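**Q** Before I ask anything, let me first share the structure, which is written out below as structure tokens.
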Amino acid sequence: MINFKSISEIKDLIFENKNNFFKILESTIDQLESIGKTLNALRFTDKDFAIFQGNKIFSEKNFNLPLFGVPLAHKELFQRKLKGGQAWPNEGGSESRKNLLSDQTAKVISLLDKAGSIDCGRLVSVEYAFGVTGHNEYAGTPKNPWNRTYVCGGSSSGSAAIVASGIIPVALGTDTGGSVRLPASACGLFGLKPTQGLVSRDGVFPLSTSLDTVGPLSRSVEDAAKVLQIISGKDKNDNLSVKINIPDFLTEMKKGIKKISIGLPKNYFLEGSDKIVSDNTVKVFSICEKLGAFTKDIRIPNIETANDLNMLLISTEAALSHKKIALEKNKSFNQQTLMRILSGVFTSSEEYKKLKKYRIGFIKNIVSKVFEEVDLFITPVWPCLIPSIKESDFGANDKAAHLVRRIGHNTRPINYLGLPAISIPMGFDENGLPLSIQLVGKPFSEDLLLRAAFSLEKEFCFWDKKPKI
Amino acid sequence: MVKNVKNNYHLKILNELEKAKINKELIDNVYGISKKQIETLKNTIIQDKIPDTVQEVFTDFLKKNKNDKF
């Protein structure tokens, strides 16, 4: 009923007739249960809770809410506690946490509730959000709606599969090394990773306390902007949260790409990606120039170390949070996840301090050098074509570790730098899978990223492209 | 099994992993990956006069660029 519709279009349908709302809700939950399960993308729905939320917003009659009645579902890392002591599962996509429940409601989920959205359930995450292909033996490996023998990418794989299928317009994901942008890119969506500190992580299952971020995956830039507007802002319960004046993203995004300066770093990003992916990025760079952006070749110094050190920081902090359960319940973990978490247990407290201190200096250096020259820079998202589910299913060995390092080549350094970025779909590869590029901005320049993304969205008309469901 | 480990902290952790009955091949892999990454860290040099947090870096950057978001 709301398939492939935007937030605005869904609200229009609801305002036409109150009965439409309950039909929409019923149909959305049915599709999550049917298509979502076929794609291995659904963890659970909660129809009773969704109807309760629907009745509540209609009784309050606050029709100006930005997401009034819009059904959504999110990655399973976002906790929800219900009234009367009940709560939604909080398993982190892992058998090791089977039957564990949420002990609070995530801040961003509360903000979406207040904005009038209806929370229908939770979508599959890679185990502990620690993986980039989307494989999950326990919760299911989501299939890419564009070609079901291919991966969705991870770790917000369920969110990407469900939004790309057109069941809901947007879903939240988390991004620690590319986990919003990689699946968004593999499934032909916009994936926005905000600046470190813009969006609260309170109540979100942690992977890396320094690097985790929360962002939307959506079929349109407008829907990403709407959700970002709602979830942005200072939160005293998140120690990395920053107080800044939040721009009106919907107004800003319409200002166009003209006069925004965009850099193309050939070192590392293009050099480390396959030719087809690099060529695609250069092509989009030329289109930006044609649309009126200032373009310039740039070099990002010493970026090579950011990938390795980001891996070390993630595994060190994952080990700090999850070492106890990883040792006690190691038989309940997928061996790859266990390997990734345990590779952080050897980092001493002195090395951890150095790791964090070095990162701050590194960011200071890069931010001052790069963003004196340009406002944004462009890179590929995936460094290679999207792999099939079978070809990317490795055991816990060096080959698997190499694959993870390679797939996160273009996204992981951006988390290390704490910068905002957006993946933008623009075409298809030889296997019928979407191709995308990534734009990276200076700190808190989400408004500029959305401006550029909105211009490119109009150019590529990706909104009209739909997978066969 | 991992051999010739002289670092006491690493020995302690390896002992914990063995006690938890982690697969020996996995311990080898994990230790190998960890050593490579820590080696990268050892080769880094911390600059003088850097802020205490990433947020401070961002705040300074935006103030210098006369951004009105603060």
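**Q** Does B:Thr44 satisfy the criteria of being of a type in the set (S, T, N, Q), open to solvent by less than 80 Å² (accessible area, probe 1.4 Å) and part of a loop (DSSP other than H, G, I, E, B)?
**A** The answer is yes for B:Thr44.
**Q** Something else: Filter segment A:240-282 for residues that are within 14 Å of chain B (Cβ to nearest Cβ), in contact (Cβ under 8 Å) with a residue 12 or more places away in the chain and over 28 Å from A:Pro383 (Cα atoms) and give the result. So that I can check it myself, show each step before the final result.
**A** We begin by selecting, within segment A:240-282, every residue within 14 Å of chain B (Cβ to nearest Cβ); these are A:240-249, A:252, A:261.
Narrowing the set further to residues that are in contact (Cβ under 8 Å) with a residue 12 or more places away in the chain leaves A:240-242, A:244, A:246-249, A:252, A:261.
A:Leu240, A:Ser241, A:Val242, A:Ile244, A:Ile246, A:Pro247, A:Asp248, A:Phe249, A:Glu252 - these are the residues of segment A:240-282 that are within 14 Å of chain B (Cβ to nearest Cβ), in contact (Cβ under 8 Å) with a residue 12 or more places away in the chain and over 28 Å from A:Pro383 (Cα atoms).
**Q** Further, regarding this structure: What pairs can you find where one residue is in segment B:47-61 and within 7 Å of another protein chain (Cβ to nearest Cβ), the other is assigned to a helix (DSSP H, G or I) and surrounded by fewer than 20 Cβ atoms within 10 Å (Cβ to Cβ), and their Cβ atoms are less than 8 Å apart, with a gap of 6+ or different chains?
**A** Pairs found: B:Gln47/A:Gly361; B:Gln47/A:Asn365; B:Ile50/A:Lys357; B:Ile50/A:Gly361; B:Pro51/B:Asp60; B:Phe61/A:Ser368.
**Q** Could you say whether any residue in segment A:193-207 is closer than 16 Å to A:Tyr416 by Cα, in contact with a Gly (Cβ under 6 Å, 6 or more places away or on another chain) and within 14 Å of chain B (Cβ to nearest Cβ)?
**A** For segment A:193-207, residues closer than 16 Å to A:Tyr416 by Cα, in contact with a Gly (Cβ under 6 Å, 6 or more places away or on another chain) and within 14 Å of chain B (Cβ to nearest Cβ): present.
**Q** Checking the condition touching a Phe, Trp or Tyr at 6+ places or on another chain (Cβ under 9 Å), in a loop (DSSP other than H, G, I, E, B) and among the hydrophobic types (A, V, I, L, M, F, W, C), which residue from B:Val5, B:Val30 passes?
**A** On the way: B:Val30 fails: in a loop (DSSP other than H, G, I, E, B).
The unique qualifying residue is B:Val5.
Each row is one residue, and each column tells you yes or no for (1) within 17 Å of A:Ile109 (Cα to Cα); (2) assigned to a helix (DSSP H, G or I); (3) touching a residue at least 24 places away in the same chain (Cβ under 8 Å); (4) touching a helix residue (DSSP H, G or I) at 6+ places or on another chain (Cβ under 7 Å).
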| residue | (1), (2), (3), (4) |
| --- | --- |
| A:Asp12 | no, yes, no, no |
| A:Asn20 | no, yes, no, yes |
| A:Phe58 | no, yes, yes, yes |
| A:Asn62 | no, no, yes, no |
| A:Ala73 | yes, no, yes, yes |
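**Q** Looking at the structure I just gave you, is A:Gly121 open to solvent by 10 Å² or more (accessible area, probe 1.4 Å), away from chain B (no Cβ under 14 Å) and in contact (Cβ under 8 Å) with a residue 12 or more places away in the chain?
**A** Working: open to solvent by 10 Å² or more (accessible area, probe 1.4 Å): no; away from chain B (no Cβ under 14 Å): yes; in contact (Cβ under 8 Å) with a residue 12 or more places away in the chain: yes.
Taking the combined requirement at face value, the residue does not satisfy it.
**Q** Here's something else I'd like to know. Check whether at least one residue in segment B:49-58 is at pLDDT below 90, in a helix (DSSP H, G or I) and open to solvent by 30 Å² or more (accessible area, probe 1.4 Å), and report yes or no. Outline the logic, then answer.
**A** Looking only at segment B:49-58, we keep the residues that are at pLDDT below 90, and these are B:49.
Filter once more, keeping what is in a helix (DSSP H, G or I): none.
The answer is no, given that none of the residues of segment B:49-58 is at pLDDT below 90, in a helix (DSSP H, G or I) and open to solvent by 30 Å² or more (accessible area, probe 1.4 Å).
**Q** If you don't mind, there's one more thing I want to ask. In the set A:Ile414, A:Ile422, which member is at pLDDT 95 or above and over 20 Å from A:Lys258 (Cα atoms)?
**A** On the way: A:Ile422 fails: over 20 Å from A:Lys258 (Cα atoms).
Residue meeting the stated conditions: A:Ile414.
**Q** Sticking with this one: I need a count of the residues in segment A:327-348 that are more than 25 Å from the chain's Cα centre (by Cα) and more than 9 Å from every other protein chain (Cβ to nearest Cβ).
**A** Filtering segment A:327-348 down to residues more than 25 Å from the chain's Cα centre (by Cα) leaves A:327-332, A:345-348.
If we keep only those that are more than 9 Å from every other protein chain (Cβ to nearest Cβ) too, we end up with A:329, A:332.
Matching residues across segment A:327-348 total 2.
**Q** Follow-up. For B:Val2, indicate whether it is in contact with a helix residue (DSSP H, G or I) (Cβ under 9 Å, 6 or more places away or on another chain) and either within 7 Å of chain A (Cβ to nearest Cβ) or of a type in the set (D, E, K, R) (or both).
**A** Working: in contact with a helix residue (DSSP H, G or I) (Cβ under 9 Å, 6 or more places away or on another chain): yes; either within 7 Å of chain A (Cβ to nearest Cβ) or of a type in the set (D, E, K, R) (or both): no.
So B:Val2 does not fit the description; no.
**Q** A:Ser368 fails exactly one of the following numbered conditions: (1) open to solvent by less than 20 Å² (accessible area, probe 1.4 Å); (2) among the small types (Gly, Ala, Ser); (3) facing chain B (nearest Cβ under 9 Å). What is the number of that condition?
**A** (1)
**Q** So which residues in segment A:418-469 are in a loop (DSSP other than H, G, I, E, B) and under 29 Å from A:Tyr358 (Cα atoms)?
**A** Kept after step one, since they are in a loop (DSSP other than H, G, I, E, B), are these residues of segment A:418-469: A:418-420, A:429-433, A:442-445, A:461, A:465-469.
A:Gly418, A:Leu419, A:Pro420, A:Lys442, A:Pro443, A:Phe444, A:Ser445 - these are the residues of segment A:418-469 that are in a loop (DSSP other than H, G, I, E, B) and under 29 Å from A:Tyr358 (Cα atoms).
**Q** Considering A:Ser185, A:Ser125, A:Ser208, which residue is under 22 Å from A:Asp46 (Cβ atoms) and not hydrophobic (A, V, I, L, M, F, W, C)? Full working, then the answer.
**A** Details: A:Ser185 fails: under 22 Å from A:Asp46 (Cβ atoms); A:Ser208 fails: under 22 Å from A:Asp46 (Cβ atoms).
The match here is A:Ser125.
**Q** Quickly run through segment A:318-340 and pick out the residues that are farther than 17 Å from A:Lys98 by Cβ, open to solvent by less than 10 Å² (accessible area, probe 1.4 Å) and at pLDDT 95 or above.
**A** Listed by number, the residues that qualify are A:Ala318, A:Ala319.
**Q** Hey, another quick one. Answer yes or no as to whether A:Phe68 is among the aromatic types (Phe, Trp, Tyr) and open to solvent by 20 Å² or more (accessible area, probe 1.4 Å).
**A** No, not satisfied.
**Q** Here's something else I'd like to know. Can you pull out the strands (runs of 3 or more DSSP E) entirely within segment A:126-195 that have at least 1 residues that are among the β-branched types (Val, Ile, Thr) and over 13 Å from the mean Cα position of the chain (by Cα)?
**A** Per the criteria, A:147-151.
**Q** Further question on the same structure: Cβ-Cβ distance below 9 Å, separation of 6 or more or different chains: which pairs start in segment B:9-23 with a residue that is at the interface with another protein chain (Cβ under 8 Å from one of its Cβ atoms) and end on one that is part of a helix (DSSP H, G or I) and β-branched (Val, Ile, Thr)?
**A** Pairs that qualify, where the first residue is at the interface with another protein chain (Cβ under 8 Å from one of its Cβ atoms) and the partner is part of a helix (DSSP H, G or I) and β-branched (Val, Ile, Thr), are B:Leu17/B:Ile27; B:Leu17/B:Val30; B:Ile22/B:Val30.
Table: residues versus (1) open to solvent by 10 Å² or more (accessible area, probe 1.4 Å); (2) in contact (Cβ under 8 Å) with a residue 60 or more places away in the chain; (3) among the aliphatic types (A, V, I, L, M).
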| residue | (1), (2), (3) |
| --- | --- |
| A:Ser388 | yes, yes, no |
| A:Glu391 | yes, no, no |
| A:Thr411 | no, yes, no |
| A:Leu419 | no, yes, yes |
| A:Gln438 | no, yes, no |
| A:Leu450 | no, yes, yes |
| A:Leu456 | no, yes, yes |
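**Q** Take the residues of segment A:282-300 that are under 24 Å from A:Asn365 (Cβ atoms) and in contact with a Ser or Thr (Cβ under 7 Å, 6 or more places away or on another chain): which is least open to solvent (accessible area, probe 1.4 Å)?
**A** The initial filter retains those residues of segment A:282-300 that are under 24 Å from A:Asn365 (Cβ atoms), namely A:294-300.
Adding the requirement that they be in contact with a Ser or Thr (Cβ under 7 Å, 6 or more places away or on another chain) leaves A:294, A:296.
Details: A:Phe294: 119, A:Lys296: 87 Å².
Residue satisfying both the conditions and the ranking: A:Lys296.
**Q** Are any residues in segment A:196-218 in a loop (DSSP other than H, G, I, E, B), of a type outside the set (Ser, Thr, Tyr), at negative phi and out of contact with any Pro (no Cβ under 7 Å at 6 or more places or on another chain), and if so, which ones? Write out each step before concluding.
**A** Restricting attention to segment A:196-218, the residues satisfying the condition of being in a loop (DSSP other than H, G, I, E, B) are A:196-198, A:200-203, A:205-212.
Next cut, of a type outside the set (Ser, Thr, Tyr) only: A:196-198, A:201-203, A:205-207, A:211-212.
From the residues that got through so far, the ones that are at negative phi too are A:196, A:198, A:201-202, A:205-207, A:211-212.
Scanning segment A:196-218 gives A:Gln196, A:Leu198, A:Arg201, A:Asp202, A:Phe205, A:Pro206, A:Leu207, A:Leu211.
**Q** Considering each residue of segment A:220-271, count those that are over 22 Å from A:Arg201 (Cα atoms) and either under 22 Å from the mean Cα position of the chain (by Cα) or open to solvent by less than 40 Å² (accessible area, probe 1.4 Å) (or both), and give that number. Explain how you work it out, then say what you get.
**A** Applying the first criterion (over 22 Å from A:Arg201 (Cα atoms)) to segment A:220-271 yields A:220-222, A:250-271.
Within this subset, residues satisfying the condition of being either under 22 Å from the mean Cα position of the chain (by Cα) or open to solvent by less than 40 Å² (accessible area, probe 1.4 Å) (or both) are A:220-222, A:250, A:252-253, A:256-257, A:260-265, A:267-270.
Count: 18.
The values are calculated or read from the model by the stated rules, or taken from the named source; none is laboratory data. Note that the coordinates shown come from a computational prediction; the quantities given were computed from them, not determined experimentally. Reconstructed Cβ throughout: ideal geometry from the backbone, glycine too, with neighbour counts over all protein chains shown. Please note that ligands, DNA and RNA were not included when accessible areas were found on the heavy atoms of the full protein model with its side chains. Shrake-Rupley method; radii C 1.70, N 1.55, O 1.52, S 1.80 Å.
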